[in-house]
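Below: the structure, in structure tokens.
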Amino acid sequence: MASLKHLPAVKGAKVLMVGAGGIGCELLKTLALSGFQDIHIIDMDTIEVSNLNRQFLFRQSHVGQSKAKVAREAVLKFRPHISITPYHANVKDSDFNVDFFKQFNVVLNGLDNLDARRHVNRLCLAADVPLIESGTTGFLGQVTVHVKGRTECYECQPKPAPKTYPVCTITSTPSKFVHCIVWAKELLFAKLFGDKNQANDLNVRSSDGASSSKQAEDVFEHRKDEDIEQYGRRIYDHVFGYNIEVALSNEETWKNRNRPKPIYSSEFMPNDLSQQNGSMEKNGAANDISSVSAMASLGMKNPQDVWSLKENSRVFLEALKLFFLKREKEIGNLTFDKDDQLAVEFVTAAANIRAASFGIPLHSLFEAKGIAGNIVHAVATTNAIIAGLIVIEAIKVLQNDTKNYRMTYCLEHPTRKMLLMPVEPFEPNRSCYVCSETPLSLEINTHRAKLRDFVEKIVKATLGMSLPLIMHGSALLYEVGDDLDEEMVANYAANLDKVLSELPTPVTSGTMLTIEDLQQELSCQINIKHREEFDEEKEPDGMVLSGWTQAPSVVKDDNESIANAGSTSNEPPVEAEKNDEIEIPPEKKRRLSEVSEAVDPDLSSVDGDTRNPDKLQVLDDDDELMIFDNWDSVPNKKKRMQ
């Protein structure tokens with residue numbers, strides 16, 4: 001319970017929580033126990049079995065139900081007299097506009113993706129409502145305070161595109177190929193060839209979790225009298241066919257998502273598999289495990305070919321057969337190794353089949369092998385600590401206690417004898433296009449690049465606008481909205497495929513474009529500079545945006561810079577050398593106290609050690625299972641210096 005001096009501010013506050021997952025469950029509980037009386041929750045997800053080990057407001061019987069609604073019911077059992085309003089919806093829905101946000105005293109984020117965080121940040125700025133951000137990764141966590149005009153906004157320091165994914169996305173609603181790779185590697189491969197006693201929620205999809213788990217065990221068990229090829233078909237049909245059908249039965253999940261397509265082996269493979277699948281003789285010496293290859297068996301040679309769905313199905317079944325016939329002694333003890341050719345073939349094929357089911361583009365074995373990942377498991381205790389820190393900062397915000405605002409970092413190992421590292425917030429970044437409305441500059445070949453390239457790679461992917469409107473002076477070049485008539489929609493669609501310099505109002509060097517997002521009430525200007533040539537390796541998008549302090553780079557020993565920011569191209573990921581610290585030049589940021597002291601020289605400050613730490617982990621990840629493309633190059637480490 002909050003102390004007596006805090007009670008008036010707490011009891012009279014109207015709070016919006018965005019996210020009811022790992023952090024959200026702990027946060028709702030802590031808010032309720034701290035005396036908050038009016039709480040609203042937005043979350044679009046439903047409960048998965050894999051959530052139950054850390055999202056303690058949920059139980060087995062809740063699987064498949066709305067997180068926001070179940071969280072409300074759970075908390076009302078021990079705090080029945082408070083008001084909790086749940087919204088099972090996407091925070092980016094038009095219902096949650098600036099006017100909606102204006103009714104709250106503070107917004108608390110427990111989100112799992114960069115796109116939604118940026119959206120909420122912009123709505124809070126437009127509504128002039130304080131935002132408290134948070135994130136956890138394993139034992140690491142952070143809480144940051146963002147108050148318009150006083151502290152930097154969430155986007156004042158550009159965030160590298162996150163390469164981390166919630167486990168519920170991987171198991172239920174994949175939207176990227178990397179989601180399918182992780183599913184194939186960490187769930188399916190582990191289930192078939194790894195430790196049989198290890199918990200694995202691969203098959204649990206229906207609301208009856210217990211029965212599904214039982215069935216899953218039966219399906220994956222290789223029966224003694226069962227032909228290996230028929231076993232392979234049975235696995236195929238279960239994970240790519242039956243599992244998808246069970247997932248589709250939960251209509252709530254697919255209201256705002258594209259529905260996947262169940263795939264069965266009979267659609268692509270004859271009943272007699274031996275007619276289609278490969279020759280064991282092509283695999284070399286029987287005792288040479290490293291030479292065992294499904295591709296060799298099937299006569300497939302080029303790892304850079306993108307296989308068809310039928311070819312992926314053949315590789316999947318052949319690889320599974322080879323594991324049981326050539327490497328049976330290893331089954332039960334295998335873990336995925338990207339240097340294991342047969343394992344890579346199996347994972348590539350499985351990921352591609354799943355990708356086809358969810359309408360995701362297929363990838364080659366070469367590309368799939370490049371998407372190598374490490375796992376950081378979610379820690380319930382970290383979520384609880386971060387939730388407590390969020391509430392502490394929320395109370396300060398409600399009391400307008402600006403001098404004591406803190407960004408707090410939860411560390412895995414003590415730094416200066418502290419596991420919780422408080423740091424004063426920084427003032428707004430004057431070059432931030434979001435909160436300071438600073439014009440940006442874009443170098444682009446106006447004679448080759450199309451408006452579609454500009455919209456997809458810059459306006460949506462880089463600037464994070466959902467419903468963009470693009471103007472050249474008074475001429476409207478592009479707009480998105482439900483209220484457009486058919487003729488306008490057709491005109492804007494036609495503009496997308498036109499080269500910039502050939503638009504009805506040509507975009508050339510020196511053109512100043514105005515980009516607006518009416519939902520986010522955000523507007524920025526971009527000065528276009530024509531540039532003829534670009535380095536295909538370093539600038540694969542063929543355009544360079546500047547005028548906004550870019551995300552830091554990892555600098556290798558040979559002085560070659562590898563950008564942390566995610567590329568908008570489809571280039572395969574590049575491994576960076578280990579670099580634990582990325583420095584931000586001290587002149588670029590100032591703490592609030594440095595600004596305030598100019599006005600109030602008597603402002604008290606915290607101890608220098610806590611204000612000027614040597615290392616601080618700046619996280620920007622979700623509160624679920626984390627999958628990183630390359631742990632050594634995780635772009636979440638900054639030094640904040642005096």
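The table that follows gives values for the structure above.
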read-out: Top-ranked residue in region 26-60 [being open to solvent by 20 Å² or more (accessible area, probe 1.4 Å) and without any contact (Cβ under 8 Å) to a residue 24 or more places away in the chain; ranked as farthest from Asn383 (Cα to Cα)]; value: Arg59
read-out: Which listed residue is among the charged types (D, E, K, R) and open to solvent by 50 Å² or more (accessible area, probe 1.4 Å), from Lys67, Lys77; value: Lys77
read-out: Matching residues, region 125-150, being among the acidic types (Asp, Glu) and part of a helix (DSSP H, G or I); value: none
read-out: Checking Ala351 against (1) in contact with a Gly (Cβ under 6 Å, 6 or more places away or on another chain); (2) within 22 Å of Tyr231 (Cα to Cα), the condition it does not meet; value: (1)
read-out: Breaking point among (1) open to solvent by less than 10 Å² (accessible area, probe 1.4 Å); (2) farther than 20 Å from Tyr236 by Cα; (3) under 27 Å from the mean Cα position of the chain (by Cα), for Arg406; value: (1)
read-out: Filter result for Ala387 (open to solvent by 10 Å² or more (accessible area, probe 1.4 Å) and not charged (D, E, K, R)); value: no
read-out: Filtered residues of region 447-456 (kept if buried (at least 21 other Cβ atoms within 10 Å of the Cβ) and part of a loop (DSSP other than H, G, I, E, B)); value: Ala449
read-out: Options Gly464, Gly510, Gly481: the member that is assigned to a loop (DSSP other than H, G, I, E, B), open to solvent by less than 20 Å² (accessible area, probe 1.4 Å) and small (Gly, Ala, Ser); value: Gly464
read-out: Close pairs from region 182-194: first under 14 Å from Thr169 (Cβ atoms), partner acidic (Asp, Glu) and surrounded by fewer than 21 Cβ atoms within 10 Å (Cβ to Cβ), Cβ under 6 Å, at least 6 apart; value: none
read-out: Yes/no for Ile244 being β-branched (Val, Ile, Thr), over 18 Å from Glu48 (Cβ atoms) and at pLDDT 90 or above; value: no
read-out: Lone qualifier among Val489, Val434, Val459 - being in a helix (DSSP H, G or I), at pLDDT below 95, under 30 Å from Leu513 (Cβ atoms) and open to solvent by less than 20 Å² (accessible area, probe 1.4 Å); value: Val459
read-out: Flag for Leu362 being under 29 Å from Trp254 (Cα atoms), modelled with pLDDT of 90 or more and of a type outside the set (D, E, K, R); value: yes
read-out: Residues that are within 27 Å of the chain's Cα centre (by Cα) and touching a residue at least 60 places away in the same chain (Cβ under 8 Å), drawn from region 316-347; value: Thr335, Phe336, Ala343, Phe346, Val347
read-out: Residues within region 440-467 that are hydroxyl-bearing (Ser, Thr, Tyr) and farther than 29 Å from Asn429 by Cα, tallied; value: 1
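The values are calculated or read from the model by the stated rules, or taken from the named source; none is laboratory data. These numbers come from a predicted model, not from an experiment. So basically every Cβ, Gly included, is an ideal-geometry build from the backbone, and we count neighbours across all protein chains shown. SASA here: full protein model, heavy atoms, side chains in, ligands and nucleic acids out. Shrake-Rupley method; radii C 1.70, N 1.55, O 1.52, S 1.80 Å.
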